[in-house]
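Colleague: This is the structure, below, for whatever I ask next.
The values are calculated or read from the model by the stated rules, or taken from the named source; none is laboratory data. Quick caveat, the model's predicted, so the values are computed rather than measured. All Cβ positions, glycine included, derive from the backbone under ideal geometry; neighbour counts span all protein chains shown. Surface areas here come from the heavy atoms of the whole protein model, side chains and all, with no ligands, DNA or RNA. Shrake-Rupley method; radii C 1.70, N 1.55, O 1.52, S 1.80 Å.
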Amino acid sequence: MDPGSGEKFSILACSSCGLGHTHPVPGNLGAYYDVSYHGGRHSFTARYCAQRRVRLLTQIAGAGKGRSILDVGCGDGTFLLHARNAGWNVTGTEMNASLARSAGLAVETDLTAVEKRAPFDCITLWHSLEHMQDAHATIDFSRKLLNPRSGLLLLAVPDAGGLQARCFGDRWFHLDVPRHLYHFTYQSLQKLLDSTEFNLLRSWHQEFEYDLLGWTQSILNRLLPTPNLFFHQLTHRKNAAGALQRGTSWLGGVAFSAGALPLLALGTLIRQGGTLIIAAQIRDNNCPG
């Protein structure tokens, strides 16, 4: 169920790879995104999150040194600002580009509009692929925008096959229907990359803020009538919950966050975390074998 509209949606999953599709897909998806969705979703952790992502980028791709990066679904541009400070030439896409543009960033509202800036040395999709109308077309077009010899694809999605998803079902915080149109497992993401001529280089099974909040808010979603209340409190969003429920949510959120740390470590250890991060490169079809 979408907490904002109260509408109910189903998830149809492939019996082979586990890829889930939200059904039905609303005719006007933009109506399900309020202004705050495009910025401020990380609250006080935004800087730490962006810095960690840049460190990961540097670990896999090396230093920026004037090379080019495209961030698909860049939100308010926080990651791009940190990448620019690390020496990258940055470009972004975002359906509501005003926040990122106000920060002085080159941001387009459509992926095809950045083709004139190609090729890119790296393309990132930080929790944006699950929002796309056609995930296969998005990755396939991204391949065409990358430097064919050394281009890197780096993406993160919620893990619909992970421990959190299995524990909480329709109360899982990162389900987020109908904004999330796709629900990826590790196997389905591998299949998508293979079908779009990418080779998987490395995978990670945790993104700290997403995984910790996933445990905490999902537990609270089981206990309280107002879904995602703790998240709304952290990001200073308005809510209609009463004082007792708000107090319970805040105290429970703090307590459950501390208690969830061992669960977060377990999910990472067994490669069943709340988040999948994948690094991939274009397959060299000319290479024998």
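Colleague: Of the conditions (1) open to solvent by 20 Å² or more (accessible area, probe 1.4 Å); (2) without any contact (Cβ under 8 Å) to a residue 40 or more places away in the chain; (3) touching a Leu at 6+ places or on another chain (Cβ under 9 Å), Val107 fails just one. Which one is it?
Modeller: Failing condition for Val107: (1).
Colleague: Would you please name the residue that is nearest to the chain's Cα centre (by Cα), looking only at residues in region 80-101 that are more than 17 Å from Ala118 (Cα to Cα) and of a type in the set (S, T, N, Q)?
Modeller: Filtering first and then ranking leaves Asn96.
Colleague: Let me ask you something else. If the requirement is being over 30 Å from Arg67 (Cβ atoms) and in contact with a Ser or Thr (Cβ under 9 Å, 6 or more places away or on another chain), which of these qualifies: Thr216, Thr138?
Modeller: On the way: Thr138 fails: over 30 Å from Arg67 (Cβ atoms).
Result of the check over Thr216, Thr138: Thr216.
Colleague: Next question. Taking helices (runs of 4 or more DSSP H) that fall entirely within region 1-103, which contain at least 2 residues that are surrounded by fewer than 14 Cβ atoms within 10 Å (Cβ to Cβ) and in contact with a His (Cβ under 9 Å, 6 or more places away or on another chain)?
Modeller: Numbers: elements: 46-61, 78-85, 98-102.
Passing ranges, in order: 46-61.
Colleague: Scan region 270-279 and give yes if some residue there is in contact with a Ser or Thr (Cβ under 6 Å, 6 or more places away or on another chain), within 24 Å of Phe141 (Cα to Cα) and either at pLDDT 95 or above or not in a strand (DSSP E or B) (or both), otherwise no.
Modeller: Step one: of region 270-279, the residues in contact with a Ser or Thr (Cβ under 6 Å, 6 or more places away or on another chain) are 278.
Filter once more, so that each one left must be within 24 Å of Phe141 (Cα to Cα): 278.
So of that shortlist, the ones also either at pLDDT 95 or above or not in a strand (DSSP E or B) (or both) come out as 278.
Checked against the condition, which is being in contact with a Ser or Thr (Cβ under 6 Å, 6 or more places away or on another chain), within 24 Å of Phe141 (Cα to Cα) and either at pLDDT 95 or above or not in a strand (DSSP E or B) (or both), region 270-279 yields at least one hit.
Colleague: Among the residues of region 111-168, what is the count of those that are touching a Lys or Arg at 6+ places or on another chain (Cβ under 8 Å) and of a type in the set (Phe, Trp, Tyr)?
Modeller: The qualifying residues number 2.
Colleague: Kindly provide the set of residues from region 169-199 that are open to solvent by 60 Å² or more (accessible area, probe 1.4 Å) and outside any loop (DSSP other than H, G, I, E, B), ordered by number. Give the derivation first.
Modeller: Step one: of region 169-199, the residues open to solvent by 60 Å² or more (accessible area, probe 1.4 Å) are 170-171, 187, 190-191, 194-195, 197, 199.
Residues satisfying the conditions are Asp170, Arg171, Gln187, Gln190, Lys191, Asp194, Ser195, Asn199.
Colleague: Identify the residue in region 224-238 that is open to solvent by 20 Å² or more (accessible area, probe 1.4 Å) and assigned to a helix (DSSP H, G or I) and, among all such residues, is nearest to Gly169 (Cα to Cα).
Modeller: Restricting to residues being open to solvent by 20 Å² or more (accessible area, probe 1.4 Å) and assigned to a helix (DSSP H, G or I), the top hit is His232.
Colleague: Among the residues of region 148-163, are any part of a helix (DSSP H, G or I), open to solvent by less than 50 Å² (accessible area, probe 1.4 Å) and of a type in the set (A, V, I, L, M, F, W, C)?
Modeller: Initial filter on region 148-163 (part of a helix (DSSP H, G or I)): 163.
Among the residues that remain, those that are also open to solvent by less than 50 Å² (accessible area, probe 1.4 Å) are: 163.
When the remaining residues are screened for being of a type in the set (A, V, I, L, M, F, W, C), the result is 163.
Within region 148-163 (the criterion being part of a helix (DSSP H, G or I), open to solvent by less than 50 Å² (accessible area, probe 1.4 Å) and of a type in the set (A, V, I, L, M, F, W, C)), the answer is yes, since at least one residue qualifies.
Colleague: Could you list, in sequence order, the residues of region 110-126 that are touching a residue at least 24 places away in the same chain (Cβ under 8 Å) and open to solvent by 20 Å² or more (accessible area, probe 1.4 Å)?
Modeller: If we filter region 110-126 for residues that are touching a residue at least 24 places away in the same chain (Cβ under 8 Å), which is where we start, we get 111-112, 114-115, 117-126.
Passing the criteria: Leu111, Thr112, Glu115, Arg117, Ala118, Pro119, Asp121.
Colleague: Looking only at region 128-142, how many residues end up being open to solvent by less than 50 Å² (accessible area, probe 1.4 Å) and either under 13 Å from the mean Cα position of the chain (by Cα) or in contact (Cβ under 8 Å) with a residue 40 or more places away in the chain (or both)? Steps first, answer last, please.
Modeller: We begin by selecting, within region 128-142, every residue open to solvent by less than 50 Å² (accessible area, probe 1.4 Å); these are 128-132, 135, 137-142.
If we keep only those that are either under 13 Å from the mean Cα position of the chain (by Cα) or in contact (Cβ under 8 Å) with a residue 40 or more places away in the chain (or both) too, we end up with 128-132, 135, 138-140, 142.
Final tally of qualifying residues: 10.
Colleague: Of all residues in region 200-223, count the ones that are out of contact with any helix residue (DSSP H, G or I) (no Cβ under 6 Å at 6 or more places or on another chain), assigned to a loop (DSSP other than H, G, I, E, B) and open to solvent by 10 Å² or more (accessible area, probe 1.4 Å).
Modeller: Final tally of qualifying residues: 0.
Colleague: Given the conditions (1) at pLDDT 95 or above; (2) in contact with a helix residue (DSSP H, G or I) (Cβ under 8 Å, 6 or more places away or on another chain), and given that Thr45 satisfies all but one, which numbered condition is not satisfied?
Modeller: Here Thr45 meets the rest and fails (1).
Colleague: Determine which member of the set Ala258, Ala241 is farther than 29 Å from Thr124 by Cβ and not in a helix (DSSP H, G or I). So that I can check it myself, show each step before the final result.
Modeller: Working: Ala258 fails: not in a helix (DSSP H, G or I).
When all the criteria are applied, what remains is Ala241.
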